[in-house]
Every structure is written in structure tokens, then in C-alpha cells.
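Asker: The structure is given below, and queries will be raised subsequently.
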Amino acid sequence: DLKSKPQYKNNELKLAKVMGICYTTEEMLQDVPFTSQVVEDAFSDAVSGLITEGILNGHGARNGYPLEPVGIMGSNALVTVAPSSSALAAQDLLNLKARMTKKAWANAVFVMHPDLEASLPLLNVANNMVYLPEGGLSGSQYATILGRPVIFDEFMADKGTKGDILLADFSQYLLIKK
């Protein structure tokens, strides 16, 4: 069966430039250390947001020009799991884990919309907490779900819609930079 056998193909990766423009006043230019730090921080945040948005929701190349990465949510690698109800349930998180390979689970990270964070402490499986906030009982610097780190990101789909939770092994995502 060809579907169960690995298939290989050559891919060409193209770098694209990310550019920005900043307008400033003469007065701000007189305080170069302050202005340069503000501009550097603003551009860093903007580029970080573009990369995150691209990795999650990007559409890839258009007309052969790499405008943004191919996002996970629109890729052929995406595996979806239907929710068990309209509210987030521990079973939904267990179903996500069940769809992931053991090898991928070792590197897995939950990424979810920040609005879901408030419902996580209420989730239990057989009186065991599914979610542990950073610090606290886990002693971890990250919040965890089922022992894997959780990242809350505003680029995820809104709470209650498809794509509000992602369980991913980002070591399988190829991204290049120069």
C-alpha cells in the first residue's frame, strides 16, 4: 500500500526579506539611545508576530514568491480531532494526545488561545489535574497539560472555534533564516 510507505520529494526553500519603515520626529532623533531602543523593540515584536502568524496560519508562496511560510493550520500534515462538547473537556486533550505518535509526544507542545486558560484548572481525569500552572506543584517554568508545555498565543483561533488548540511537535516544522 503506497499510503503507508514513506514518500520523498525535493523541496526548494526560498528566503524572503522582511522590511519595515518607521517614522520619527526630529525631537525623538535627538535622543538616539531611547529612540533606537524603542524602534528595535517595536520591530522585534512585529517580526516575531509575523513569524508566529506565518507558522500557524500562513498560506505559503504565491506566484512562486515566498510571502509567508506554509502554516500548520492549512497544511496537509494537520490532523483534526472533533471536540466532545461545546465546552473544553479533559477528554478532548486526551484525544489530541492519542492522535500523536510517541516520538512526537516527546517534543510536543500545546498551543492555545489565551481565552482557554481560565477553563484549564477545572479539567480533571479520575481526580488528577490535567493542567498545572507554571511554578506551583509542577515546579516548571511553563504551564503544562498532561506533562507537556503549554503556550498561550493570540494568533490561535478564537475560543470555541476550529484551531483554538494545537498539539504540535515543532521539531518537525522546517524554518530557515539567514
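Asker: How high is the relative contact order of the chain, in percent, with contacts defined as C-alpha pairs under 8 Å that are six or more residues apart? Please list the in-between numbers first.
Answerer: Details: 183 pairs, mean separation 31.6, N = 178.
The value is 18 percent.
Asker: While we're here: With a 1.4 Å probe and every protein chain kept in, tell me what percent of the accessible surface of the range 88-174 is carbon plus sulfur.
Answerer: Working: 2730 of 5100 Å².
Carbon and sulfur atoms account for 54 percent of the accessible area of the range 88-174.
Asker: Which value, in Å², gives the accessible area per residue of the range 67-178 when a 1.4 Å probe is used on the protein heavy atoms? All intermediate terms of the calculation are to be shown ahead of the outcome.
Answerer: Numbers: 7130 Å² over 112 residues.
Here the residues of the range 67-178 average 64 Å² of exposed surface.
Asker: Let me ask something additional. What's the local net charge at Leu93, with K and R +1, D and E -1, over the other residues with C-beta under 14 Å away? Write down the numbers at each step before the final one.
Answerer: On the way: positive: Lys97, Arg99, Arg148; negative: Asp92, Glu117, Asp164.
Once positives and negatives cancel, what remains is 0.
Asker: Next up: Could you tally the net charge around Asp164, taking each other residue with its Cβ under 15 Å from the Cβ of Asp164, Lys/Arg +1 and Asp/Glu -1? Write down the numbers at each step before the final one.
Answerer: Details: positive: Lys159, Lys162; negative: Asp92, Asp115, Glu117, Asp153, Glu154, Asp158.
Its environment carries a net charge of -4.
Asker: I would also like to ask the following. Would you mind checking the pairs Lys14/Lys97; Lys9/Lys103; Lys14/Lys102; Lys9/Lys102; Lys102/Lys178; Lys103/Lys177 and listing those with alpha carbons more than 28 angstrom apart? Spell out each step's value before the answer.
Answerer: Working: Lys14/Lys97 33 Å; Lys9/Lys103 23 Å; Lys14/Lys102 32 Å; Lys9/Lys102 25 Å; Lys102/Lys178 32 Å; Lys103/Lys177 26 Å.
From Lys14/Lys97; Lys9/Lys103; Lys14/Lys102; Lys9/Lys102; Lys102/Lys178; Lys103/Lys177, over 28 Å: Lys14/Lys97; Lys14/Lys102; Lys102/Lys178.
Asker: Using only Cα atoms, tell me the angle between helix 32-57 and the longest principal axis of the chain; keep it within 0 to 90° and round to the nearest 10.
Answerer: 40 degrees
Asker: By the gyration tensor of its Cα atoms, with a ≥ b ≥ c the square roots of the eigenvalues, what is the shape of the range 38-178: rounded for a/c under 1.5, prolate for a/b over b/c, or oblate? Please report the intermediate quantities before stating the final value.
Answerer: Values: a/c = 1.92, a/b = 1.52, b/c = 1.27.
The shape class here is prolate.
The values are calculated or read from the model by the stated rules, or taken from the named source; none is laboratory data. In this text, all values refer to a predicted model and were calculated from it rather than measured experimentally. Heads up, the Cβs are rebuilt from the backbone with ideal geometry, glycines too, and the neighbour counts pull from every protein chain shown. These accessible areas exclude ligands, DNA and RNA; they are computed on the full protein's heavy atoms, side chains included. Shrake-Rupley method; radii C 1.70, N 1.55, O 1.52, S 1.80 Å.
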